[in-house]
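See below for the structure under consideration.
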Amino acid sequence: MRLVVSEIEDQQGAGGRREDRAVSLDEAISIAIRLQQNDQWVTAGDLYRQILEASPEYPDALHYSGVLA
């Protein structure tokens, strides 16, 4: 199963652009964790919700979305 996620390229600069790409659930959880570690909680929460919609029993998404709450 794959999800389409938006990532901002060049997050260091103000001129970063969004790029949509299909990723696996494992890649999506890694992106969500990275977002959460970078204090982008709303975006991380949205991605956890997308993962759980695709796979409601996905353990890492359940765990980290609970940590975020």
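Some observations on this one:
- For the pair Asp26 and Arg49, the difference between a 0.36 nm per residue extended length and the Cα-Cα distance amounts to 6.9 nm.
- Estimated FRET transfer efficiency (Trp41, Arg2; beta-carbon r; R0 35 Å; 0.05): 0.90
Computed from the coordinates by the stated procedures, all read-outs in this text should not be read as laboratory data. Everything numeric here is computed off the predicted structure, so don't read it as measured data. Because the Cβ atoms are built from the backbone with ideal geometry, glycine has one as well, and the counts that use them run over all protein chains shown.
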